[in-house]
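A.B. asks: If you scroll down you'll find the structure; I have some questions about it.
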Amino acid sequence: MKKVKDLQSWVDSYRKVENAVDELAVGWDFIKEGIIEEAELDQLYATAIDLIEKLELKNMLRREEDKMSCVLKINSGAGGTESQDWASMLMRMYLRWCERHGYKTSIANLLDGDEAGIKSCTINVEGDFAYGYLKSENGVHRLVRVSPYNAQGKRMTSFASVFVTPLIDDTIEVKVDPALLSWDTFRSGGAGGQNVNKVESGVRLRYQFTDPYTGEKEEILIENTETRDQPKNKENAMRHLRSILYEKELEHRMQEQAKIEAGKMKIEWGSQIRSYVFDDRRVKDHRTNYQTSDVAAVMDGDIDAFIKAFLMEFAEGETTK
């Protein structure tokens, strides 16, 4: 049924485009006969172009994982309160973008800053193609502004890292070795309430992962305080772990193709992808060179143009991986 629903969405999208083009053709005949005004024809043209571009963009998301929901994690960089404030601004930006597009969001983990902002947060974004669109946000985001936290009013630069992984479901098999798992419990922080600070509902999962291809070892650490129910938090943490392991497997699959396309900008943790310069009213993506002067709209979640520019330039190469 899931596959049928997916195919039906393509059919429906195509029919919408077909109808829009037919209406435009009829409108062109009507304009020659003086039945409608030019403004009406312009509207029909704009509608047809919008539907075609949306379908073209969706066609860039053909990888298996593109259709999935995702986990979006934001970490503040060095710089104290200024960077922590920047991380909270990014969190708001992505939450507003999700709201605009009808995605369901939940905060899986949130670590407040020392004075303001946040040190880190993990957001579950649920909905079709959430990962396909938000994977373009992987990397380091740079802010340049006159800091309100600097008494001398100096211009400061701050960084925050964004990391996006697909949120996999039960239809995808990922092997988790129970012998490599360990759990800690702790009291959730934040505002009080009858239970949140009194019961150890927060969970901390540790998984001793060994890369089967390189032999490298690392400890995967996941914290979840999403609910007041410890078993539910454990379930959410396990789901997040399976998503991370799945992402690691995907990265391995793409390595050989990445070598071939070494000339292209790679989506890597630690790569500076975008600069937000408030004083100059400019937001620029360094991978596509797309930029806008409407900083306020971007920070309010209007990042569709950046996502589209990235997918149209890089996603076509990804489909062969």
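The values are calculated or read from the model by the stated rules, or taken from the named source; none is laboratory data. Predicted, not measured: the structure shown is a model, and the values here were computed from it. Counting neighbours? That spans all protein chains shown, and the Cβs are built from the backbone with ideal geometry, glycine included. When the accessible area is computed, the model is the full protein with side chains, heavy atoms only, and any ligands, DNA or RNA have been set aside. Shrake-Rupley method; radii C 1.70, N 1.55, O 1.52, S 1.80 Å.
A.B. asks: Using only helices, what value at 222 nm comes out for the chain when you add -39,500 (n - 2.57) per DSSP H run of length 4 or more and divide by the total residues, to the nearest 500 deg cm²/dmol?
C.D. replies: -12500 deg cm²/dmol
A.B. asks: Then there's this: I want to verify the translational diffusion coefficient of the chain in µm²/s; compute it with Stokes-Einstein, Rh as the Kirkwood radius over Cα pairs, at 25 °C and 0.890 mPa s.
C.D. replies: Diffusion coefficient, whole number: 111 µm²/s.
A.B. asks: Something else: Could you tell me the accessible area of Val4 in Å² (1.4 Å probe, neighbours in place), rounded to the nearest ten?
C.D. replies: 90
A.B. asks: With the full set of protein chains in place, find how many percent of the accessible area of the chain is carbon and sulfur; take the probe as 1.4 Å.
C.D. replies: 49
A.B. asks: Now for a separate question. How large is the charge dipole for the stretch 9-143, taken about the Cα centre, if only the Cβ atoms of Lys, Arg (+1) and Asp, Glu (-1) carry charge, to the nearest 20 debye?
C.D. replies: With only Lys, Arg, Asp and Glu charged at Cβ, the dipole is about 780 debye.
A.B. asks: Related question: By the scheme Lys and Arg +1, Asp and Glu -1, what is the net charge of all other residues having a beta-carbon under 13 Å from that of Arg281?
C.D. replies: Net of charged neighbours comes to 0.
A.B. asks: How much of the DSSP bridge set in the chain is antiparallel, in percent, rounded to the nearest 5?
C.D. replies: Around 90 percent of the beta bridges assigned by DSSP in the chain are antiparallel ones.
A.B. asks: Another one. What order, most packed first, do the peptides 83-92, 283-292 have when packing is the mean number of other Cβ atoms within 10 Å of each residue?
C.D. replies: Ranking the peptides 83-92, 283-292 by packing returns 83-92, 283-292.
A.B. asks: Which of the three applies to the stretch 5-99, rounded, prolate or oblate, going by the alpha-carbon gyration tensor with a ≥ b ≥ c and a/c under 1.5 meaning rounded?
C.D. replies: oblate
A.B. asks: Let me ask you something else. With an 8 Å cut-off on Cα pairs and a minimum separation of 6 or more residues, tell me the relative contact order of the chain in percent.
C.D. replies: Taking the mean separation of contacting Cα pairs over the length of the chain, I get 18 percent.
A.B. asks: A further question on this structure: Exactly which GluC sites (Glu not before Pro) in the stretch 120-186 are in a DSSP loop and have at most 10 other Cβ atoms within 10 Å?
C.D. replies: Answer by residue number: Glu173.
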